[in-house]
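The values are calculated or read from the model by the stated rules, or taken from the named source; none is laboratory data. The shown structure was predicted, so the numbers you read here are calculated from the model rather than taken from an experiment. Here the Cβ positions follow ideal geometry from the backbone for every residue, glycine too, while neighbour counts run over all protein chains shown.
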Amino acid sequence: MLKALAYIFGFLLLGELITYFFEIPIAGNILGMFLIFLALRLKLIKLQDVKPASDKLIKYLVLFFIPYGVGLMVYFEIIAAYWMPISVAVIASTVITLYISAIIIEKLEK
Amino acid sequence: MQEFFQLPVFGVFISIIAFAGGRELRKKFNYVLLNPVLLAILFIISFLLIFNIDFEDYNRGGKFISFFLGPSVVALGVFFYEKYEEVKQNLKVFLLSVAVGGISGILTVIIFLLLLKVPDFIIESLASKSVTTPIAIEITKLTGGIPEITAGIVIAVGIFGNAFGPFILKKLGIKSKIAIGTALGTAAHGIGTARAFEESKLAGVYSGLAMCVNGIITALLTPYLLQLFLGSFT
């Protein structure tokens, strides 16, 4: 578990380090996600060395964004003022996204 | 008493307890709107309002919880590697579906919000609404929106996809489980993926992968698409 955590935080740090020095417009953790995938594919690290920590983190992923959800209370007035256009745009866009990705697979799948 | 609530342990404790309570309720009454995260958030907001506690005080502890979003995104890379093998035979069609669906998701929400004359900072906060919360939050931080608004809407989108996604798709004539899974992961991230697993294991795997792929696509493209439509960032 300790080794797995070291790998996860190591790749997070690596991602942060690269975005820090090269000022690319992508978050360090997203870069870390990409790099750890690459390292696993190129067999630089073993799945069983990282899996204990990654499984636990994914299991509790939803818990970790609760504070951001609570933070919405600070912006309650903004949401209240624009709830109608926001709802319309977000629901319409979500239905379109669902349909477009589904229809491509439905038509082209072998 | 206010000083007591400023102790970080308060924010940590109430977050864990609210989430555990939300999960228990969901287990007892299997009803989609009883989403554990939604319940936890509503409970904590109510508690803070009743006892007149500032969000900043709660977040002294809350930020220890949200800190783990960073390593969790890295963990998604491991998850992606594990599931990657299972979609190999349909890989090209799958990637096309997620890419076209994902980009449509960003473009349509930006265009609709522009047409409805919503202020720019809200558009910046909602452009990444389809992807998993930790990635969406990072995108919003880069583009100048408000991460808390992003988190709230992203969770709402997930619940919408979870509750109505399969129903809407079946009404529109979609039959393939793989298509339904991929669409749920692309449009409604992890909360949609939970529903895809209820459709079938295969749908769930495709959904989880679609969530990761769309996370990357949206992270790479959103800053540029926003720049294109809104001009420079505020």
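Among the residues of region B:186-217, write down those that are of a type in the set (V, I, T), facing chain A (nearest Cβ under 10 Å) and closer than 12 Å to B:V98 by Cα.
As a first pass, look at region B:186-217 and keep what is of a type in the set (V, I, T): B:186, B:191, B:193, B:205, B:213, B:216-217.
If we keep only those that are facing chain A (nearest Cβ under 10 Å) too, we end up with B:186, B:191, B:216.
Hits for region B:186-217 are B:T186, B:I216.
Can you report the number of residues in region B:104-136 which are part of a helix (DSSP H, G or I), touching a residue at least 12 places away in the same chain (Cβ under 8 Å), at the interface with chain A (Cβ under 8 Å from one of its Cβ atoms) and polar (S, T, N, Q)?
Filtering region B:104-136 for residues part of a helix (DSSP H, G or I) gives B:104-115, B:120-126, B:133-136.
With the extra rule that they be touching a residue at least 12 places away in the same chain (Cβ under 8 Å), the set shrinks to B:105-107, B:109-111, B:113-114, B:120-126, B:133-136.
After this cut, where a residue has to be at the interface with chain A (Cβ under 8 Å from one of its Cβ atoms) as well, the list is B:105, B:109, B:113, B:122, B:126, B:133-135.
With polar (S, T, N, Q) added as a condition, the list becomes B:133.
Selection size over region B:104-136: 1.
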- Note on the structure: B:L34 fails exactly one of (1) among the hydrophobic types (A, V, I, L, M, F, W, C); (2) at the interface with chain A (Cβ under 10 Å from one of its Cβ atoms); (3) surrounded by fewer than 18 Cβ atoms within 10 Å (Cβ to Cβ), namely (2)
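Kindly evaluate B:F112 against the criterion of being over 27 Å from A:L31 (Cβ atoms) and assigned by TED's automatic domain parsing to the domain that holds B:V93.
Details: over 27 Å from A:L31 (Cβ atoms): yes; assigned by TED's automatic domain parsing to the domain that holds B:V93: yes.
For B:F112, the condition - over 27 Å from A:L31 (Cβ atoms) and assigned by TED's automatic domain parsing to the domain that holds B:V93 - is met.
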- Got a number for residues in region A:28-82 being closer than 16 Å to A:F11 by Cβ, surrounded by 16 or more Cβ atoms within 10 Å (Cβ to Cβ), at the interface with another protein chain (Cβ under 7 Å from one of its Cβ atoms) and free of Cβ contacts under 8 Å to residues at least 40 places away in the same chain? 9
- Message: Just to be sure I understand, how many residues within region B:1-51 are closer than 24 Å to B:G190 by Cα and part of a loop (DSSP other than H, G, I, E, B)?
- Response: 7
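Are any residues in region B:65-86 touching a residue at least 60 places away in the same chain (Cβ under 8 Å) and either buried (at least 20 other Cβ atoms within 10 Å of the Cβ) or of a type in the set (D, E, K, R) (or both), and if so, which ones? Before you say what the answer is, go through the steps one by one.
Taking region B:65-86 and keeping what is touching a residue at least 60 places away in the same chain (Cβ under 8 Å), we get B:69-70, B:72-73, B:76-77, B:79-80, B:83-84, B:86.
Once the filter is applied, which keeps residues that are touching a residue at least 60 places away in the same chain (Cβ under 8 Å) and either buried (at least 20 other Cβ atoms within 10 Å of the Cβ) or of a type in the set (D, E, K, R) (or both), region B:65-86 yields B:L69, B:G70, B:S72, B:V73, B:L76, B:G77, B:F79, B:F80, B:K83, B:E86.
Would you tally the residues in region B:167-181 being over 19 Å from B:L96 (Cα atoms) and either of a type in the set (A, V, I, L, M) or in contact (Cβ under 8 Å) with a residue 12 or more places away in the chain (or both)? Step through it out loud before you land on a result.
Let us first name the residues in region B:167-181 that are over 19 Å from B:L96 (Cα atoms), namely B:167-168, B:170-173.
Filter once more, keeping what is either of a type in the set (A, V, I, L, M) or in contact (Cβ under 8 Å) with a residue 12 or more places away in the chain (or both): B:168, B:172.
Counting residues in region B:167-181 that are over 19 Å from B:L96 (Cα atoms) and either of a type in the set (A, V, I, L, M) or in contact (Cβ under 8 Å) with a residue 12 or more places away in the chain (or both) gives 2.
Residues A:P25, A:P85: which one is within 7 Å of chain B (Cβ to nearest Cβ) and assigned to a loop (DSSP other than H, G, I, E, B)?
Values: A:P85 fails: assigned to a loop (DSSP other than H, G, I, E, B).
Sole residue among the options that is within 7 Å of chain B (Cβ to nearest Cβ) and assigned to a loop (DSSP other than H, G, I, E, B): A:P25.
For region B:137-174: of the residues being of a type in the set (G, A, S) and at the interface with chain A (Cβ under 9 Å from one of its Cβ atoms), which is surrounded by the fewest Cβ atoms within 10 Å (Cβ to Cβ)? Talk me through it step by step, then tell me what you get.
Our first condition is that a residue be of a type in the set (G, A, S); within region B:137-174, this holds for B:144-145, B:151-152, B:156, B:158, B:161, B:163, B:165, B:173.
Retained after the next criterion (residues that are at the interface with chain A (Cβ under 9 Å from one of its Cβ atoms)): B:151-152, B:156, B:161, B:165, B:173.
Numbers: B:A151: 28, B:G152: 24, B:A156: 21, B:G161: 31, B:G165: 26, B:G173: 10.
Applying the filter and picking the extreme gives B:G173.
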- Message: If I ask for residues that are more than 7 Å from every other protein chain (Cβ to nearest Cβ), part of a helix (DSSP H, G or I) and not acidic (D, E), which ones from region B:59-93 would you list?
- Response: B:R60, B:G61, B:F64, B:K83, B:Y84, B:V87, B:K88, B:Q89, B:L91, B:K92
- Message: Kindly evaluate A:T19 against the criterion of being buried (at least 16 other Cβ atoms within 10 Å of the Cβ), more than 15 Å from the chain's Cα centre (by Cα) and more than 7 Å from chain B (Cβ to nearest Cβ).
- Response: yes
- Task: Go through the residues of region B:35-44 one by one and say whether even a single one is more than 21 Å from A:F76 (Cβ to Cβ), at pLDDT below 95, under 19 Å from the mean Cα position of the chain (by Cα) and outside the structural domain of B:G158 (by TED's automatic domain parsing).
- Result: yes
